[in-house]
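Okay, structure first, notes after.
The values are calculated or read from the model by the stated rules, or taken from the named source; none is laboratory data. The model shown is predicted, which means the values in this text are computed figures rather than measured ones. Methodologically, a virtual Cβ is constructed for each residue, glycine included, from the backbone with ideal geometry; neighbour enumeration extends over all protein chains shown. These area figures cover heavy atoms from the full protein model, side chains too; ligands, DNA and RNA do not enter into them. Shrake-Rupley method; radii C 1.70, N 1.55, O 1.52, S 1.80 Å.
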Amino acid sequence: MTEQITFAALSVVLVGSALAVVLSKNLFHAVLWLALALTGTAGIFLLLDAEFLAAVQLLLYAGGIITIVVFAIVVTERLIGERLTQTNMRIGGAALVSFAFLGFIVVVLGKHALPASRPEMPGDLTRLIGETVLTRYVLPFELLA
């Protein structure tokens, strides 16, 4: 029962912060909302017992990428000498596409029954990810590197 409450709370945080990223007029505030959304995603990973993915999410995305974006905003504002804002010109079309996509997801999930409980993970998930990346997916991993 506590997992469902935690998941619901994280879902509200994720959806709320994602909407705040898109609807925020101040670019710096949008980046801070993005950091909250990425941290909430790490919380979802923790609920799924994927501690390694949660740590990577926090270190790389919530830590590294947000730091780079904030640095870019600060430097750009100093170069052009004015405050940067973002405008939402096509919010109606974006809302329509979002609701259509949400409807598609609901229809697809309605046709397929979801399992009632999580399947058990075989052994250490971090070791399994490492072995899979360095054996089965070694070529895409090296190409990305």
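For the chain, which span is the longest to avoid every loop-located (per DSSP) member of trypsin sites (Lys or Arg not before Pro) having at most 12 other Cβ atoms inside 10 Å? Let's see the in-between values first.
Working: sites that count: Lys25, Arg83, Arg90, Arg136.
Formally, the longest exposed-site-free interval is 26-82.
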Counting only the heavy atoms of the protein chains, how much of Ser24 is accessible to a 1.4 Å probe, in Å² to the nearest 10? 20 Å²
Below 14 angstrom from the Cβ of Leu48, what's the summed charge of the other residues (Lys, Arg +1; Asp, Glu -1)? -3
With Cα atoms, 0 to 90° folded angle of helix 91-111 axis to the chain main axis: 10 degrees
Unit charges on C-beta of K, R, D, E only; dipole of the chain, Debye: 520 debye
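Under the rule of -39500 (n - 2.57) per DSSP H run of 4 or more residues, summed and divided by the residues of the chain, what mean residue ellipticity at 222 nm is obtained, to the nearest 500 deg cm²/dmol? Before the final figure, lay out the partial values.
Numbers: 7 runs with 102 residues, N = 145.
Calculated at 222 nm, the ellipticity per residue is -23000 deg cm²/dmol.
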Full-extension gain between Leu134 and Glu3, please, as 0.36 nm times their residue separation minus the C-alpha to C-alpha distance. 43.9 nm
Give me the Debye-computed log₁₀ of I(q)/I(0) at q = 0.10, 0.13, 0.15 Å⁻¹ for the chain, equal point scatterers on Cα only, no solvent, two decimals. -0.54, -0.88, -1.10
